[in-house]
Each structure stands twice: as C-alpha cells, then as structure tokens.
Amino acid sequence: MRWLVTGANGFVGRALVRRLLSQGLPGGRALTQLAVTDFALDDDVADPRLLRLPGDLTQSATWADAFAAPLDGLFHLASVPGGTAEAQPALARAVNLDATQALLDQCRAQVERGGVAPRLVFASTIAVYGAALPPEVNDHTPAAPHMVYGAHKLMAEIAVAHASRRGWLDGVSLRLPGVLVRPPAPTGQLSAFMSDFIRELAQGRSFECPTSPGATTWASSLPGVVDNLLHAAVVDAARLPPSRSLLLPTLRFSMAELAEAIARVCAVPAPARVRWSPDERIEALFGRFPPLRTDAAERAGFVSDGDGETLVRRSLALS
C-alpha cells in the first residue's frame, strides 16, 4: 500500500508518520511506501519505505510528485491555522482551499486513469462551529465559523464530501479539537496557551493563564488524535454520516480541573502555581465550550482519552 501525509513535519504529522512506519495501518495493513510532504522535512527517521517530497502544496509540481505513483490513501494535515490565517487570509486561502482542491483534482485524475479512489483523511477543526455555541454541541449542531481558518476548513469538508459522492475519492473529515501538548514554538495558534499550561505546571513552574479557572474547553492528547486519524484510514464508509464529517470524541474540562489533573499525575502543586489573568478574546474563543455529544463518531469506533489524568499522562508521554 502507498500512502501520503501532507503537513508531515508538523506537530501531528511527525507523530503520525512515526506511528505509520512503526505499526502500519490498523488491522495489520503494512505500507510499502509512505510519501511525506511539507516545506521542509526532518532527516531523523531512516526507513526505506519513506519517500520525502519537500515542496510547496500551492505548486502543481509538488502534487505531481506525490501522485507520480498511485496512492491508496492520504492524510491531509497541511494548513495555515488560527491566528496566522486571520493575519494572512490570502496565504490561508492558497493553502487551505486552493491546495486542497488541487489534491482533490489529483484524486479524480487517478480514478479517471483507472486507479482506485483513495481514502482521504482530512484534518478539519472544531473551529467550524464558531464562538456562539449552543448549550450542547452534537452531530446536529450547524457549523457557523467566524474565523478564516474555520471557514476554509468547512468549505474543504464540503468539497471532500462532494468528491466522495462522485466516486473520486473515499473521504473522512475529522473535526479535531485542541491537541496537547505542542512544543514551545511560534505556530500562530491562539490556543497554544493550553500546551504551555500543561508543560509549565508539570515542571513545577508558575504559569499566567489567559482564562478564568472556570473556563471550559475541549482537548485531546496527541496519541489520542493519532489513534483516531489511523482509525479513519480504515473505518468502513458505511459507518460514516452522509456529510463524511465527524466531531471526534474528546474531553471537556475546566482549566482549574486540568490544573488538578496535572497535580495528581505529576505530584506538583499545580493549582497554586497558576495566576489567572483572563483575556476576553481568548476566553470567548477557547473558554466557553459547552458539553458535547459525539454519537456518530462513537458508533463508528472513534474514542476519546477517557479522563483528565489520562489526557495529561498521554500528552506528556508518561508511562
């Protein structure tokens, strides 16, 4: 089997590539080749099955290289996220929309040449719901994005579903929550404070949190998100809704509850080390998440981390 990962040098992409090379796809489906693309790619993984294709996804040559041999499937993770998309909407459109459409065109061309319709796992986002959330978010909650990133992801979801109905690919769009713990780096993501919160408190250091202690959010560990991406690669299409889009099972917790979970897992006085300094914009975007129900995803076999302590442990890669 030949698969492709876009955005392979990103936080989620690197973890996904390592898992694919070490374990293959669920069900014992081994890979014969894994093509990976990003602007730049790390050299620290040595595997004869790995084909590095550094390049710009807004350029047709990059896609031509990726589809030089038929693909059985691909994980499309590449995007311009959050704050960067707001500040640079033209760049965000080129990557989030135009490059995604180019990918779909390549899938269609593969089918029209007599090849298989590849399974496409598309990394969407909970940002499609916007900020004015109802008392509960569930499978019937309408999408109403108010930021560039969420709007682009929703448009791409619709395109993936349409292409799936036409038989040009076999798509699954996963609305990912916050993913923890990201490394300390300027990613342009306004939600990065949540990773800093866990990392700093786990080390016994103080942290100034831009929300109130009662601010509620949704998040998953990096291993949990990789688990669900891999499940999406093999899940039976008959178990998917017509939209091909799923809100993933994830944990909802307050920031105070997260501090308490860190204290239990890491044996540090985490709650006492937090200085609460609410920022209204951050709280509105990431601190008012209501309860959620993810019936469709759970029926299809997707899972959450389970509880706060497991989330912290898995996020910090603790045994």
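The values are calculated or read from the model by the stated rules, or taken from the named source; none is laboratory data. Only a predicted model underlies this, so the values are computations on that prediction, with no experimental measurement involved. As a convention, Cβ positions derive from the backbone with ideal geometry for all residues, glycine included, and neighbour counts pool all protein chains shown.
Structural remarks
- Among (1) under 18 Å from the mean Cα position of the chain (by Cα); (2) over 25 Å from residue 183 (Cβ atoms), the one test that residue 316 misses: (2)
- Which numbered condition residue 194 misses (of (1) closer than 28 Å to residue 91 by Cβ; (2) at pLDDT 95 or above; (3) part of a helix (DSSP H, G or I)): (2)
- Matching residues in the range 302-319 - criterion: being in a loop (DSSP other than H, G, I, E, B) and not acidic (Asp, Glu): 302, 303, 304, 306, 316, 317, 318, 319
- Residues that are in contact with a Leu (Cβ under 9 Å, 6 or more places away or on another chain) and assigned to a helix (DSSP H, G or I) do not occur anywhere in the range 132-149.
- Scanning the range 181-202 finds no residues that are within 20 Å of residue 297 (Cα to Cα), more than 13 Å from the chain's Cα centre (by Cα) and either surrounded by fewer than 22 Cβ atoms within 10 Å (Cβ to Cβ) or not assigned by TED's automatic domain parsing to the domain that holds residue 19 (or both).
- Residue within the range 151-162 that is surrounded by fewer than 22 Cβ atoms within 10 Å (Cβ to Cβ) and out of contact with any Ser or Thr (no Cβ under 9 Å at 6 or more places or on another chain) present: yes
- Hits in the range 203-249 - residues which are surrounded by fewer than 18 Cβ atoms within 10 Å (Cβ to Cβ), assigned to a loop (DSSP other than H, G, I, E, B) and assigned by TED's automatic domain parsing to the domain that holds residue 165: 236, 241, 242, 243
- Residue tally, condition touching a strand residue (DSSP E or B) at 6+ places or on another chain (Cβ under 7 Å) and either not aliphatic (A, V, I, L, M) or not assigned by TED's automatic domain parsing to the domain that holds residue 72 (or both), over the range 137-173: 10
- Any hit, the range 156-164, residues being touching a Pro at 6+ places or on another chain (Cβ under 7 Å) and not β-branched (Val, Ile, Thr): no
- Candidate set from the range 258-301 (those that are part of a strand (DSSP E or B) and among the basic types (Lys, Arg)); member that is modelled with the lowest pLDDT: 288
- Checked against (1) in contact (Cβ under 8 Å) with a residue 60 or more places away in the chain; (2) crowded, with 18+ Cβ neighbours inside 10 Å; (3) not small (Gly, Ala, Ser), residue 295 passes all but a single condition, namely (2).
- Residue within the range 302-309 that is under 19 Å from residue 134 (Cβ atoms), surrounded by 15 or more Cβ atoms within 10 Å (Cβ to Cβ) and either of a type outside the set (Asp, Glu) or modelled with pLDDT of 95 or more (or both) present: no
- Residue match in the range 211-229 (condition: more than 16 Å from the chain's Cα centre (by Cα), under 24 Å from residue 155 (Cα atoms), of a type in the set (A, V, I, L, M, F, W, C) and modelled with pLDDT of 95 or more): no
- Some residue of the range 34-54 being in contact with a Gly (Cβ under 7 Å, 6 or more places away or on another chain) and buried (at least 18 other Cβ atoms within 10 Å of the Cβ): yes
- In the range 260-284, the residues that are touching a residue at least 12 places away in the same chain (Cβ under 8 Å) reach residues that are acidic (Asp, Glu) and not in a helix (DSSP H, G or I) with C-beta atoms within less than 7 angstrom, at least six apart or across chains, in these pairs: 275/208; 277/208.
- Flag if residue 25 is over 15 Å from residue 156 (Cβ atoms), in contact (Cβ under 8 Å) with a residue 12 or more places away in the chain, in contact with a strand residue (DSSP E or B) (Cβ under 6 Å, 6 or more places away or on another chain) and surrounded by fewer than 21 Cβ atoms within 10 Å (Cβ to Cβ): no
- Residue 169 meets all of the listed conditions (1) more than 24 Å from residue 257 (Cβ to Cβ); (2) hydrophobic (A, V, I, L, M, F, W, C); (3) under 17 Å from the mean Cα position of the chain (by Cα) but one, namely (3).
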